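Participant: Structure in structure tokens, see below.
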Amino acid sequence: MASLSYASAIKIAAREMRSSRGKFFFVIMSVAIGVAALTGVRGFSSSFRGALLTRARSIMAGDLAARMFQQVTPEQQKGLDQIAAEGVEITPVTELLSMASSPKTLDPLLVSLKAVDPNKYPFYGKVDLEPADRLQSQLGDDSVVVADDLLIRLHLKVGDQLTVGSKIFRIASVVTNEPDRLSGNFAAGPRVLISRKGLADSGLLAPGSHSGQRYLFKVPAPRNGAPISEKAVADLKLRLEKLLPEAQVTDYRETNPALTQGLDRATSLLSLMSLVALVLGAIGVAMAMRAHLQQRLDTIAIMKSLGARSGQIIKIYVLQTLLLGVAGGLLGVALGTGVQLAFPYLLAKFINVPTEVHLQLRTILTGLGAGVLTTLLFTLPPLLDIRGVRPILIFRRAVEDNDDPFVTAIVRKITKNYAQIGAGFLILIGLAAIATTLSDSATVGKVFSLGLVVVLAVLLAASAAVLASLRFFLSRTRLHLPSSLRHGLANLYRPGNPSSALLAAVGMGVMQIMTVYLVQQAVVSELHLASAPDLPNVFLIDITTAEIDGVSTLLTAQPGVTVAPELLPVVTSRIIAINGLPASEVKLTNFPRRMLQSINLTWSATPPPGTKLAAGKWWSSESIAPQVAVAKRQADRLGVKVGSTITFAAQDQQIVATVAALTEADGQHAFSRAEFVLPQPVLAGLPVVWYGGVHVDPAKVELLQRALYKAYPTVTVINVAAALETVRNVVIQITYVIQFLSAFSIFAGIVILASSIAGTRYRRIREVVVMKTLGATRSRIATVFSIEFAVLGLVAGLVGVFFANLIARILLHRLDIVYHVQWLWTFAALAGTAGLTVITGWAASHRILGQKPLEVLREE
Amino acid sequence: MIVVEGLRKSIRNGPRTVDILKGIDFSVPKGEFVAIMGASGSGKSTLLGLLAGLDTPSAGNVHLNGVAISYLAEDKLAQVRGKTIGFVFQSYQLIPTLTALENVLLPHELNSDSKEASAGLARSRDLLTSVGLGDRLDHYPVQLSGGEQQRVALARAFVLRPPIVLADEPTGNLDSTNGAHVLELLLHLNRTEGTTLVLVTHDPVLATYANRRIVLRDGLVVADEVNPNPAGLAESAAVAI
């Protein structure tokens, strides 16, 4: 049997395309827009994320930190040296409390010393000095840089001397911001930054001294300039946890949950947008190819009469589809790369992501591959219809109707269309596979794929129901309706009208676009909350119970303070047993055993601000039973879960508390530092010290410090305004990017939908010609089409919007974000869909109305 | 060569059934030229379509060269069509996006090995030259007149040297001059290639060229007459293939 060679098939396919350039432009653009959105969104979000994560790293001043309370053993040092030899940068940071004094007055002051290597520290971010200068230039072996709080208390100025331990240092500068202030200890006493040699010379590091050692690690950046991968950080973290079992190893993501949560949600949302863009592009292709093949029916029938087998014809059109898919994919990748490069410039006003964008080959190839694959998948059903084209079509265009009962008709339709049904399943499986592969979020991938399946099934059923109802309605009311309305509605179910396909395509398109909009709205609202400008940016330490009211009044009256302060009571205790096992025997995971001796407890009747429950339940406000809510991070390290018991010892009291809940804090509130919360009655009678958090206008922090020192000299002020501003800015930037990319995806989706609707215009040409020759006026024809378009748009919009709300609700629930029905936008989407369908239908068809019938027929 | 047994064709349209052919029986030996005649609606084109395997009968069978084709699977039918039948349609049915040469070449591309490509190309060129369109090879159907399009269709029908040619009112859309010329070409090709020719027409003059006339009325054969003296070709129309 002679087979059609690929060379011949490509030749025939290319010849066909030669004469239909205009039409194929739609197909190529559909694929291109889908792939452009996919590569542009993914590529940009990857670069953006990388840039943001670099900013996020500044809050830890490194990728990882390992906190220890003892010196490393020789084996551990060997392990660290091995890690350093692989390119990881390591620098130690030693923190301890000490006394410092002015040599003139000798009045001692408890200070919080931090010894760093200024040539390495910080790995990310920078230490701000006043006057501005590099830390390396100011911090030498004989000098220190201090917080202005110390200058106030000791009545000193820059250039004066300060005694620390047994050595006298020169105060070289004032430190106004340490990038990792938030992730360090909130210890009492003003900050003094000292060099490692300076600390050694001071004699303070004697054996037995209570110093905390933090090692900061920086993972080497990839050679190709791409951002450091999260996997590299995670791998190093695992390695360090094994090497240093007594150390508390944290990565930069844990230092600010609000920021990382914001980034995670943005990732999920951007994954969703990529998938939506791809599916919309594929829908556009399917619609365009369907319209194209409909017009090719005569050609296909002729070819079959000349001896072409269905397989040969399908081969020709599959190759044609492939050519279109690759052309569209390549164009899409080029557009997407352009988008990726353009985004930073477009968004420069709102975000300051560095404009170097790393083009990743993987992203490009993934986009191209996904584009071609979805094009092929979605074109399968119309291609398989070729098998059913009978050559007799040339002689007779009659559509054979039948009177089978409903079930028999369905069964007949199913048995006749096994291949199409199989193709449908293949599409859904293929999409699900692509969704899961492309999606950085398994949640999004699963929900999206499932949502598509359900929506498609419902849309097809809904369209069949609507069309059947229309038919029934018209058969009963035929003569009573205005003829334009009759014709418009009848157009929807006449044989060969692509109404079902268009209803499904427009419905799916609307559903996806609306889902993107609803989800991004909710995510952005949540992020705005997390970046609210009145969150605490100055923390107060060591407020006594006697001072608390006075401090609170002073803060409220202070200029620059607009929101009531957050006040956190702290009871010092230690853990002596977990689940009945003595502390010395408890198995801890990367939790320095020494830290069990210094545990801060607090109380609250309700979950504190910025805290949510990860497991368990909070107690009722009247509860007096000894229960505790533990921060999940600490719970994992201590090996406790809901129902476990922890025995605390405070003063001479022992409290055996049952773990009632595990919590996660957003890091934005004073209470975020409270890792063990109990009901107040349980801690009654124990000595309490208070921590406070207040939002102060950064320019007025110094005023606050002076006022507080004057009235309450023992209260320490820790200014983290700059660090929190970093967090806030990052979160705000995320919201801008999300909104921008959403708008881009939505716009791309609308363009694709419009082209799908426009593609149906070819069916109308002959109709218009006949109607005109029979005497129909243009306005009459316009009315008929408008009714057809509007009803189509409304039905598709209704189903699409309903499912968009449903899927958004499910997705947001999985992302742990509150969902609210957006009624205004829902109605706007409905009206918009009907409007889009009418306008697009007209934009594509209006030319036909104005032409002479013969002109149109000649072109045909 | 062609055997038709008890052929019936009905179509349903809603509650109505329309019987187009109500039981047709005849056979056509190799090399014969048969004209099938009848008024509009008599079922001529439907019969021709069934002979070509373009449609499936409601009952009965068609045998071509001993092979029963009516209930063959579509792909098998396509093979039979490609190798055995050349079809000339009333409305030419050229593919509008292909040039004259490409249209004639198409059956060759669909039914022959790629090794024979250059032979197919040469044959297509020769055929188009033989029907007087040697200088219009690269023209599209829209650039050709009706008569010229039908000549392209003729060339296409003969490109694979089929043993059977079926023609459905080949001159129906042409003026008398063009119609006569197309008929002459068809008859000449029929005689020189030795094909079996079945031609559907309502034109009694055209039927005089046939060896045999089968007349249909209301879906049945009402006459099957041999023509002992078919009309001849004009000398000037003789062309070499």
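The values are calculated or read from the model by the stated rules, or taken from the named source; none is laboratory data. Since this is a predicted model, take the numbers as computed values, not measurements. All Cβ positions, even for glycine, are placed from backbone atoms using ideal geometry, and neighbour counts span all protein chains on display. Only protein heavy atoms, including side chains, enter the accessible area calculation; ligands, DNA and RNA are left aside. Shrake-Rupley method; radii C 1.70, N 1.55, O 1.52, S 1.80 Å.
Participant: Starting from 0.36 nm per residue, how many nanometres of slack lie between residue A:823 and residue A:294 once their C-alpha separation is accounted for? Numbers along the way, then the final one.
Facilitator: Details: separation 529, 0.36 × 529 = 190.44 nm, distance 3.93 nm.
That works out to 186.5 nm of additional length.
Participant: Restricting the count to DSSP beta bridges whose residues both fall in region B:122-241, what percent are antiparallel, rounded to a multiple of 5? Kindly include the intermediate steps, with their values, before the conclusion.
Facilitator: Numbers: 6 of 11 bridges.
Restricted to region B:122-241, the bridges split so that about 55 percent are antiparallel.
Participant: Which of rounded, prolate, oblate describes the protein assembly as shown, given a ≥ b ≥ c as roots of the alpha-carbon gyration tensor eigenvalues and a/c under 1.5 marking rounded, otherwise prolate only if a/b is larger than b/c?
Facilitator: Numbers: a/c = 3.42, a/b = 2.90, b/c = 1.18.
Prolate.
Participant: Here is a follow-up. How charged is the neighbourhood of residue B:32? Take every other residue with its Cβ under 14 Å from the Cβ of residue B:32, and add Lys/Arg as +1 and Asp/Glu as -1. Mind showing how you got there, number by number?
Facilitator: Details: positive: B:30, B:191, B:212, B:213; negative: B:193, B:224, B:225.
Counting the neighbours of residue B:32, the net charge comes to +1.
Participant: Along the charge dipole of the protein assembly as shown, which of A:202, A:233, B:170 sits closest to the positive end, that is, farthest toward it, with unit charges on the beta carbon of Lys, Arg, Asp and Glu (+1, +1, -1, -1)?
Facilitator: B:170
Participant: Something else about it: First check a/c for region A:563-606, with a ≥ b ≥ c the square roots of the eigenvalues of its C-alpha gyration tensor; if it is under 1.5, answer rounded, and if not, answer prolate when a/b is larger than b/c or oblate otherwise.
Facilitator: Details: a/c = 3.00, a/b = 2.43, b/c = 1.24.
In terms of gyration-tensor shape, prolate.
Participant: Just to check I understand the Karplus step: with θ = phi - 60° and J = 6.51 cos²θ - 1.76 cosθ + 1.60, what whole-Hz values come out for region B:131-137, glycine and proline as x?
Facilitator: After applying 6.51 cos²θ - 1.76 cosθ + 1.60, I find 9, x, 10, x, 9, 10, 4 Hz.
Participant: Please list the non-local residues whose amide H lies under 5 Å from the amide H of residue A:628, H modeled 1.01 Å from N, same-chain partners needing a gap of 5 or more.
Facilitator: Amide H neighbours of residue A:628, under 5 Å, 5+ apart: A:658, A:659, A:660, A:661.
Participant: For the interface of chains B and A, what total accessible area is buried with a 1.4 Å probe, rounded to the nearest 100 Å²? Numbers along the way, then the final one.
Facilitator: Details: alone 11300 and 37680 Å², together 45670 Å².
In total, this chain pair buries about 3300 Å².
Participant: Would you mind checking which residues have amide H under 5 Å from residue A:578's amide H? H placed 1.01 Å from N; only 5 or more apart, or other chain.
Facilitator: For residue A:578, the qualifying residues are A:583, A:647.
Participant: When the Karplus curve 6.51 cos²θ - 1.76 cosθ + 1.60 is applied with θ = phi - 60°, which whole-Hz ³J(HN,Hα) does each residue of region A:163-173 get, with x for Gly and Pro?
Facilitator: 8, 10, x, 9, 10, 9, 10, 9, 7, 8, 6
Participant: Counting Lys and Arg as +1 and Asp and Glu as -1, what is the net charge of the other residues whose Cβ lies under 9 Å from the Cβ of residue A:600?
Facilitator: Working: positive: A:673; negative: A:675.
Result for the neighbourhood of residue A:600: 0.
Participant: Positive end of the charge dipole of the protein assembly as shown (Lys, Arg +1 and Asp, Glu -1 on Cβ, about the Cα centre): tell me which of A:109, B:214, A:768 has its Cα farthest that way.
Facilitator: Toward the positive end, the furthest listed residue is B:214.
Participant: Looking only at the protein assembly as shown, where both bridge partners belong to it, what percent of the DSSP beta bridges are antiparallel (to the nearest 5)?
Facilitator: Numbers: 96 of 131 bridges.
Taking every DSSP beta bridge within the protein assembly as shown, about 75 percent pair in antiparallel fashion.
Participant: Relative to the longest principal axis of the C-alpha atoms of chain B, give the angle of the C-alpha long axis of helix B:117-130, reported between 0 and 90° and rounded to the nearest 10°.
Facilitator: Helix B:117-130 and the main axis of chain B meet at about 90 degrees.
Participant: Okay, next question. Could you give each residue of region B:45-52 its phi-based ³J(HN,Hα) in whole Hz, using Karplus coefficients 6.51, -1.76, 1.60 with θ = phi - 60°, and x for Gly or Pro?
Facilitator: Per-residue couplings from phi come out as 5, 5, 4, 5, x, 5, 4, 7 Hz.
Participant: Sticking with this structure for a sec: Starting from the amide H of residue B:195, placed 1.01 Å from N in the peptide plane, find each other amide H under 5 Å away whose residue is 5 or more places distant or on another chain.
Facilitator: Amide H neighbours of residue B:195, under 5 Å, 5+ apart: none.
Participant: Quick check on the protein assembly as shown: helices-only [θ] at 222 nm, where DSSP H runs of length 4 and up contribute -39,500 (n - 2.57) each and the sum goes over total residues. Nearest 500, please.
Facilitator: Values: 32 runs with 553 residues, N = 1101.
The helix-only estimate for the protein assembly as shown comes to -17000 deg cm²/dmol at 222 nm.
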